[in-house]
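See structure below.
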Amino acid sequence: MIAHRGSPEPSPFSPGYGRRPLVFGGHGVEIAELTEVFETADFGENQSVLISGLRGAGKTSMLAQLQDAARANGWLVISDDAGSGLMDRVMETTIPNLLNELAPDSGKRLTSLGIGQLSAQWESVERSRDVRPLLRRDLIALSTVLAERRPHSGILITIDEVSSGKARLRELSRFALEISHAIGEGANIMVVFAGIKVDLDALLEHDHTTFLRRSRELDFRRLTPAETRHVLAESIRIGGKTIDEDALDLLVSFSQGYPYLVQLAGDYAWRSSEASPTISLADARAAHGRAITAVERRVISRVFQDLSEMDQRFVQAMAVDFGRTKIADLVQRLGVSDQYVQVYKKRLIESGYVQADGRGHVSFSLPYLGDYVRSMASDRPDADGRGWDHHPPPSRTGRGQ
Ligand SMILES: Nc1ncnc2c1ncn2[C@@H]1O[C@H](COP(=O)(O)OP(=O)(O)OP(=O)(O)O)[C@@H](O)[C@H]1O
Ligand SMILES: [Mg+2]
């Protein structure tokens, strides 16, 4: 058969942080349950939700799914990152914009509700008051207007990229306090925070976050083999190609259900097939090495950087073994007490890096972390693969050497 030689179809895969997948795999139960809240405004245990998971596990993509479901049910969405200035951005820009969209004529009424710095139109009123503008008031006002226009709807607030900088956590915990007050006053609000586990835990330790301690926690790990297969096969089908069964098997097995890697695997295989309507085993093989290199560089390296120095030493000591590692060996390699090792082990297990693997043993639960750590530790003569290691730059002349 003569291969069709048209221009290649664009790839349906989306490897990259915050890039939404065409086919969102897994988490069906949680999405259905949270969508039900958007339909009924009956919150149950879903007033606040914490989404934790390692980099590239799909937290931001999940927030986007929830935002869509909320909007589809007439909810308002406030979405931001936990960076500094969060409170000001939400109060000065986001909420005024939402209000203007919802009720362009409601300025007067809102002033009577005591809403804070809403827009130029209300600013003069605001300046004359000596009450500090509070997010809780803005949220309650927004919620009041919303309830009049769209009963049974509410406000979804999603805050991504929760990180553990002290100043940021302090601001975030104040933000949480304002939300909890607004909820206490009857505003229909669901708040969802996303970040890596240690950072979310640090947030929960703050004052003002009592109500977050009752949050529903969703811990994002890997997709199951069936979910992984579905994402790959369905994306390829929608993209307009087919894939041979053995090729699909290989992509599923090396991507290990790690969402970012699933996208990379599919993307490289798709591109390798060029204008052919079918992705073959040869394409999947070509994708293999490239996808692993890319995930190590773009994802695993950042996952490693997120670890504290001691945690890094711990995983380095584990990476000496190619399979599982004996706890007793870690005690020896690290030169610390058994108790000390247990504390670190527990934390690394909770954050999704490591798993218990039989009595007294641990292994990596994040695929390719061990390989990555080993590749960093090994004295490769040519560290970046460009062949410059034996050609160091000359020292500058004329400096009295
Ligand atoms: N459920 C999923 N099914 C298929 N692909 C997914 C899924 N979730 C995320 N992805 C893909 O994985 C990659 C990373 O997703 P995302 O940016 O949401 O991760 P993240 O957890 O927010 O990462 P980070 O911690 O760095 O912010 C993207 O390419 C996205 O398209
Ligand atoms: Mg993200």
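Data table
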quantity	calculated
Kirkwood-Stokes translational diffusion coefficient of segment 168-238, alpha-carbon pairs, 37 °C, 0.692 mPa s, µm²/s	225 µm²/s
Share of carbon and sulfur in the accessible heavy-atom surface of segment 225-304 [1.4 Å probe, %]	51 percent
Per DSSP, loop trypsin sites (Lys or Arg not before Pro) in segment 171-280 with at most 13 further Cβ within 10 Å	none
Efficiency of FRET from Cβ geometry, R213 and A32, R₀ 25 Å, rounded to 0.05	0.50
Overall form of segment 189-346 per C-alpha gyration tensor (a/c, 1.5; a/b vs b/c)	oblate
Cα principal axis extents for the chain, largest first, Å	72, 64, 63
Descending semi-axes in Å of segment 134-280, equivalent ellipsoid built from Cα gyration tensor	43, 20, 12
Global form of segment 30-220, assessed from the alpha-carbon gyration tensor, a/c cut-off 1.5	oblate
Accessible area of the chain divided out per residue, in Å², using a probe of 1.4 angstrom	50 Å²
Cα lying deepest toward the dipole's positive end in the chain, options V252, S79, A286, charges on Cβ	A286
Centre separation in Å (Cα based) which lies between segment 147-185 and segment 249-314	35 Å
Accessible-area value, D88, 1.4 Å probe, nucleic acids and ligands omitted, Å²	90 Å²
In segment 184-239, GluC sites (Glu not before Pro) in a DSSP loop with at most 15 other beta-carbon atoms within 10 Å	E185, E205
Under the Debye formula (equal points on every Cα, no solvent term), log10 I(q)/I(0) of segment 307-377 at q = 0.13, 0.26 Å⁻¹	-0.29, -1.36
Share of Cα-Cα pairs in segment 225-304 lying beyond 17 Å, as whole percent	36 percent
Low-density loop positions, trypsin sites (Lys or Arg not before Pro), segment 3-84 - DSSP coil, at most 15 other Cβ in 10 Å	R5, R19
Rounded to the nearest 10 Å², the accessible area of V320 at probe 1.4 Å	90 Å²
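The values are calculated or read from the model by the stated rules, or taken from the named source; none is laboratory data. In this text the structure is predicted, and so the values were computed from the model without any measurement. Positions of Cβ are generated from backbone atoms using ideal geometry, with glycine treated the same way; all protein chains shown enter the neighbour counts. In case anyone asks, the SASA skips ligands and DNA or RNA and just uses the protein heavy atoms, side chains included. Shrake-Rupley method; radii C 1.70, N 1.55, O 1.52, S 1.80 Å.
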